[in-house]
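K.L.:
Just passing along the structure, written as structure tokens.
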Amino acid sequence: MQIVSISSLKGGVGKSSVVLGLASAALEARIPTLVVDLDPHGDASTGLGVHARSGKDVGSVLRRPRRGALGAVATASPWAQHPITPETPVATAREWAPDASARSRRPVLDVAPGSAASSHLDHAAFRPRDLRRLETALRGLDRYELVLVDCPPTLSALTRMAWAASHKVLSVAEPSLFSVAGTQRTMSALAQFEGSRVWAVPEAGVVVNRVQDSSPEQQHRLRELRELFGPLVVDPVLPDVSVVQRAQGAAWPVHRWPGSEAEDLARRFSTVLEGLTR
Ligand SMILES: Nc1ncnc2c1ncn2[C@@H]1O[C@H](COP(=O)(O)OP(=O)(O)OP(=O)(O)O)[C@@H](O)[C@H]1O
Ligand SMILES: [Mg+2]
């Protein structure tokens with residue numbers, strides 16, 4: 001099982017959107033996946049068509065976590081109930097469509113739903129042993145090959161719990177001045193995380209989102225991100241395209257959304273996912 005946190009200490013840069021895009025790519029590739037929605041706002045859950053029921057959410061599990069307890073609240077996303085068949089026009093004729101053996105696997109895309117119930121951990125104070133809660137709640141859930149964790153935009157116990165449980169952390173950045181600064185904050189917080197000597201720093205990457213080719217200011221910030229973070233900047237970058245919001249509004253995976261804009265975006269998410277799971 002590979003656990004990947006999608007994080008950023010700046011709000012609104014596209015963390016939940018990247019989680020949704022990667023979940024869509026994982027579904028397309030038939031990689032059994034669990035999305036853990038740590039954000040009390042629950043945006044990733046909403047995008048995946050899942051709503052938390054009282055007591056059946058991440059926050060309730062993390063209050064008193066037992067080994068593998070997230071499995072009990074994991075809910076199938078409706079995304080997985082629309083299997084891709086060779087007859088499905090949008091998704092199949094592409095060279096990056098899954099191979100025949102992958103296609104025959106039953107799609108698994110579950111969500112451990114987020115809700116305000118996790119707010120009790122969305123603060124900076126924590127005891128080091130609290131940081132093991134997510135790791136404990138995920139332990140032994142071997143039916144998933146991939147776990148994607150959507151983090152809140154704060155350096156809270158929730159975010160640190162996610163980092164402590166993760167093999168990789170993707171920091172999402174926009175090519176803008178404030179977001180470059182936010183990425184620097186995220187990466188240095190991640191490096192300091194090892195300060196306790198208790199946690200190994202997980203492998204990190206910077207996903208650049210909402211790129212507009214026509215903006216000289218953005219191109220400047222993109223160069224700045226590459227200078228600052230070098231090989232950590234994930235290739236390809238993700239464009240600013242309206243299909244992101246349209247697909248999210250319909251709670252629909254981008255890999256099954258019609259049109260060339262969606263096709264390009266879906267291909268980019270699939271490439272990012274391949275890099276993660278390689
Ligand atoms: N590549 C993109 N192109 C166009 N719109 C995008 C793109 N990525 C994200 N958005 C839009 O930007 C808004 C913020 O995105 P999102 O909610 O994913 O950010 P976030 O970092 O998770 O926010 P928060 O910090 O509040 O959790 C949403 O309306 C989303 O649809
Ligand atoms: Mg979010």
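K.L.:
Please give the FRET efficiency for H167 paired with S260, using the beta carbon to beta carbon distance and R0 = 41 Å, rounded to the nearest 0.05. Intermediate values should be presented prior to the final figure.
P.N.:
Numbers: r = 34 Å, r/R0 = 0.83.
Computed FRET efficiency for H167 and S260: 0.75.
K.L.:
For the chain, set up a Gaussian network in which alpha carbons nearer than 10 Å are linked by springs, and say which option among A80, A250, A116 fluctuates the most.
P.N.:
Comparing A80, A250, A116 in a Gaussian network model of the chain, the most mobile one is A250.
K.L.:
Still on this model: Could you tell me the center-to-center distance, by alpha carbons, between the stretch 13-37 and the stretch 220-263 in angstrom?
P.N.:
Here the two parts' Cα centres lie 13 Å apart.
K.L.:
Looking only at the chain, where both bridge partners belong to it, what percent of the DSSP beta bridges are antiparallel (to the nearest 5)?
P.N.:
Looking only at bridges with both residues in the chain, the antiparallel portion is about 10 percent.
K.L.:
Let me ask another. Which residue fluctuates most in the GNM of the chain (Cα springs below 10 Å): V241, V149, V18?
P.N.:
For the chain, modelled as a Gaussian network with Cα springs under 10 Å, the answer is V241.
K.L.:
Turning to a different aspect of this structure: What percentage of the solvent-accessible surface of the chain, computed with a 1.4 Å probe over protein heavy atoms, is contributed by carbon and sulfur atoms? Walk me through the intermediate numbers first.
P.N.:
Numbers: 6180 of 12130 Å².
That fraction is 51 percent.
K.L.:
Please report, for the Cα atoms of the stretch 1-57, the Rg to one decimal and the Dmax as a whole number; what are they, in angstrom?
P.N.:
Final numbers for Rg and Dmax: 11.8, 32 Å.
K.L.:
Rounded to whole Å and sorted largest first, list the principal axis extents of the Cα atoms in the chain.
P.N.:
That works out to 52, 45, 31 Å along the principal axes.
K.L.:
Also, quick follow-up: Per residue, how much accessible surface does the stretch 131-198 expose to a 1.4 Å probe? Answer in Å², no decimals. Walk me through the intermediate numbers first.
P.N.:
Numbers: 2490 Å² over 68 residues.
In whole numbers, the stretch 131-198 has 37 Å² accessible per residue.
K.L.:
7 Å from Cα along Cα→Cβ at both R64 and M1: what's the point-to-point distance in nm?
P.N.:
2.2
The values are calculated or read from the model by the stated rules, or taken from the named source; none is laboratory data. None of these values were measured; they are calculated from a predicted model. In this analysis, Cβ positions are derived from the backbone assuming ideal geometry, glycine residues included, and neighbour counts consider all displayed protein chains. For accessibility, only protein heavy atoms count, side chains too; no ligands or nucleic acids. Shrake-Rupley method; radii C 1.70, N 1.55, O 1.52, S 1.80 Å.
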